[in-house]
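The values are calculated or read from the model by the stated rules, or taken from the named source; none is laboratory data. Predicted model, so just to flag it, every value in this text is computed and none were measured. Backbone-built Cβ (ideal geometry, glycine too); neighbour counts: all protein chains shown. Heavy atoms of the whole protein, side chains included, go into the accessibility calculation; ligands, DNA and RNA do not. Shrake-Rupley method; radii C 1.70, N 1.55, O 1.52, S 1.80 Å.
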Amino acid sequence: MLNSFWWGGGHHNKGIRWMSWERMTSLKSEGGMGFRDFKAFNLAMIAKQGWNFLSKPNSLVAKIFRARYFPRSSFLDSKNGNNPSFVWRSLWKAKDVLKLGSR
């Protein structure tokens, strides 16, 4: 979708790729266009929800996820579990970002 927006094209026309996505997401001072890296931005937003589990353990969402996915441990020590939901898998992947940024 991003490709067709920035470089034109449609279902049958690939358009012209003027610049690689890696270069577009690099800083303007480095010759890029300064766009956000959407994968990193999404991971940061999901990690923020994980931070809410840690900082607000009595919220309804934290209680629901704790009861389902980590009843006997903390969020940072939790396992992926059996048949996890898409939301839980995303939160579980973002857990590493929280571990890197916390003391």
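Restricting attention to region 54-94, which residues are in contact (Cβ under 8 Å) with a residue 24 or more places away in the chain and crowded, with 17+ Cβ neighbours inside 10 Å? Passing the criteria: 65, 75, 90, 91, 94. Given the residues 20, 29, which is the only one that is loosely packed, with under 11 Cβ neighbours inside 10 Å and at pLDDT below 80? Unique residue meeting the criteria: 20.
Looking across region 32-53, the residues that are under 16 Å from the mean Cα position of the chain (by Cα) and open to solvent by 60 Å² or more (accessible area, probe 1.4 Å) come down to 36, 37, 38, 39, 41, 42, 43, 45, 48, 49, 51. Looking at (1) at pLDDT 80 or above; (2) open to solvent by less than 80 Å² (accessible area, probe 1.4 Å); (3) of a type in the set (S, T, N, Q), which is the only condition residue 4 fails? All conditions pass for residue 4, except number (1). Taking only region 55-103 into account, find how many residues are over 19 Å from residue 42 (Cα atoms) and in a helix (DSSP H, G or I). The number of residues fulfilling the criteria is 11. For region 74-103, the set of residues classified as among the small types (Gly, Ala, Ser) and under 13 Å from residue 54 (Cβ atoms) consists of 74, 78, 94, 101, 102, listed by residue number.
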